Amino acid sequence: MTTPGPDAAAARSRVDAADWSELATELDAHGCALTPQLLAPEECRALAALYADTALFRSTVDMARHRFGSGQYRYFRHELPAPVAALRAALYPRLLPIARDWADRLGRPAPWPDRLEDWIEQCHAAGQAKSSQILLRYESGDWNALHRDLFGDLVFPLQVVVGLDTQGTDYTGGEFLLVEQRPRAQSRGTVTVLPQGHGLVFTTRDRPVRSSRGWSAAPVRHGVSTVRSGLRHSLGLVFHDA
C-alpha cells in the first residue's frame, strides 16, 4: 500500500524551508522548537490511518500496563512507510550540526556521522537493532508520563514529534509537555500545542545550560497532558535505534 506523503525531494524542500538558525536558538533557550508545516492535512490523516494496519509495526505498547500513562503507541518495522522514511532522512542533516554543537559545549563525544544510514549501522553493530519510529494514539482520558527515550548507550540528542490531528477540532487537551530539571532550583515546565503537520524538535535527554563553571547538562523529560476529548495521533521520529 502506498501512503500519500512527501517523497525524498519534497521532504527535503519542506525541512530546508525552516529557519534552522532560529530553531537552534529556540532549542538553546527552551529545549524545544516548532518547525513550519512538514505534512499537509491529507498526509497527516493518511499516516494516522496507518495505526489500524498492524502488519506495519513490530510491537504495540499499552501505556497503562507499563505504568507509562494511558493510551497506546506502536513501533514501526524497519521497512518504514515512504513519507516517514523521507521526513526522517531530511531532518537528520539539519539536526546534526545542533547535536554536534551541544556535544562540544558539554565536552562529550559526537559519534554521529554525516549520513543517517551510517549512524543506524553503528547502532545495530552495538546491539541496538530495533526500529524506534513511533505512531502514538490517545483517546479521551489518555496521557503520557514524563520520560526520556533512551534505548541504549548510543543516543542522538534530538528527536521530532509531528502532530497528525488538530487540537480543538479532533481533540482537546493533549498538550506536549517538557520539564527541565534546573541545578539547585525547581524544575521548569514548557507546554506546547502541536499544530497539525508541524514538527516539534526537542531534546532526547538533556541540553547544555550556562553555569558558573561553563556549561552543564540540564536533564529534560517529556510527556503529553491528558486528552480531554476526541482522538489524538502523533508521529515520533527518533534518530537512534533500540
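The values are calculated or read from the model by the stated rules, or taken from the named source; none is laboratory data. These figures come from a predicted structure and were not determined experimentally. Heads up, the Cβs are rebuilt from the backbone with ideal geometry, glycines too, and the neighbour counts pull from every protein chain shown. Side chains included, ligands, DNA and RNA excluded: accessible areas come from the protein's heavy atoms. Shrake-Rupley method; radii C 1.70, N 1.55, O 1.52, S 1.80 Å.
Yes/no per residue for (1) within 30 Å of E180 (Cβ to Cβ); (2) out of contact with any strand residue (DSSP E or B) (no Cβ under 9 Å at 6 or more places or on another chain); (3) of a type in the set (G, A, S); (4) open to solvent by less than 10 Å² (accessible area, probe 1.4 Å):
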{"position": "A8", "(1), (2), (3), (4)": "no, yes, yes, no"}
{"position": "S13", "(1), (2), (3), (4)": "no, yes, yes, no"}
{"position": "D16", "(1), (2), (3), (4)": "yes, yes, no, no"}
{"position": "L39", "(1), (2), (3), (4)": "yes, no, no, yes"}
{"position": "T54", "(1), (2), (3), (4)": "no, no, no, no"}
{"position": "R65", "(1), (2), (3), (4)": "yes, yes, no, no"}
{"position": "R77", "(1), (2), (3), (4)": "no, no, no, no"}
{"position": "L87", "(1), (2), (3), (4)": "yes, no, no, yes"}
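I'd like to know if the range 165-184 contains one or more residues that are in contact (Cβ under 8 Å) with a residue 24 or more places away in the chain, within 15 Å of H30 (Cα to Cα) and in contact with a Leu (Cβ under 6 Å, 6 or more places away or on another chain).
yes
Exactly one condition in (1) of a type in the set (V, I, T); (2) in a loop (DSSP other than H, G, I, E, B); (3) within 20 Å of the chain's Cα centre (by Cα) is not met by V162; state its number.
(2)
For the range 111-128, enumerate the residues that are open to solvent by 50 Å² or more (accessible area, probe 1.4 Å) and either part of a loop (DSSP other than H, G, I, E, B) or in contact (Cβ under 8 Å) with a residue 40 or more places away in the chain (or both).
P111, D114, R115, H124, A126, G127
Inside the range 18-37, can you point out the residues that are buried (at least 17 other Cβ atoms within 10 Å of the Cβ) and of a type in the set (S, T, Y)?
Within the range 18-37, just T35 meets the criteria.
Can you tell me which of R221, R228, R213, R184 is touching a strand residue (DSSP E or B) at 6+ places or on another chain (Cβ under 8 Å) and over 30 Å from P41 (Cβ atoms)? Steps first, please.
Values: R228 fails: over 30 Å from P41 (Cβ atoms); R213 fails: touching a strand residue (DSSP E or B) at 6+ places or on another chain (Cβ under 8 Å); R184 fails: touching a strand residue (DSSP E or B) at 6+ places or on another chain (Cβ under 8 Å).
After applying the criteria, what remains is R221.
Identify all residues within the range 201-221 that are in contact with a His (Cβ under 9 Å, 6 or more places away or on another chain) and open to solvent by less than 10 Å² (accessible area, probe 1.4 Å); write none if there are none.
F202, T203, T204
With respect to A82, determine if the residue is touching a residue at least 40 places away in the same chain (Cβ under 8 Å) and either open to solvent by 20 Å² or more (accessible area, probe 1.4 Å) or closer than 27 Å to V191 by Cβ (or both).
Answer is yes for this residue.
All but one of (1) over 17 Å from the mean Cα position of the chain (by Cα); (2) within 28 Å of S21 (Cβ to Cβ); (3) open to solvent by 60 Å² or more (accessible area, probe 1.4 Å) hold for R94; state the number of the condition that does not hold.
R94 satisfies all of (1) over 17 Å from the mean Cα position of the chain (by Cα); (2) within 28 Å of S21 (Cβ to Cβ); (3) open to solvent by 60 Å² or more (accessible area, probe 1.4 Å) except (1).
Filter the range 226-235 down to the residues that are part of a strand (DSSP E or B), open to solvent by 10 Å² or more (accessible area, probe 1.4 Å) and touching an Asp or Glu at 6+ places or on another chain (Cβ under 8 Å), then identify the one that is nearest to L91 (Cα to Cα). If you could, list the steps in order and put the result at the bottom.
Step one: list which residues in the range 226-235 are part of a strand (DSSP E or B), which gives 227-235.
Subsequent filtering for residues that are open to solvent by 10 Å² or more (accessible area, probe 1.4 Å) retains 228-231, 233.
Next, from what is left, pick out any that are touching an Asp or Glu at 6+ places or on another chain (Cβ under 8 Å): 230-231, 233.
On the way: G230: 30, L231: 27, H233: 20 Å.
This residue is H233.
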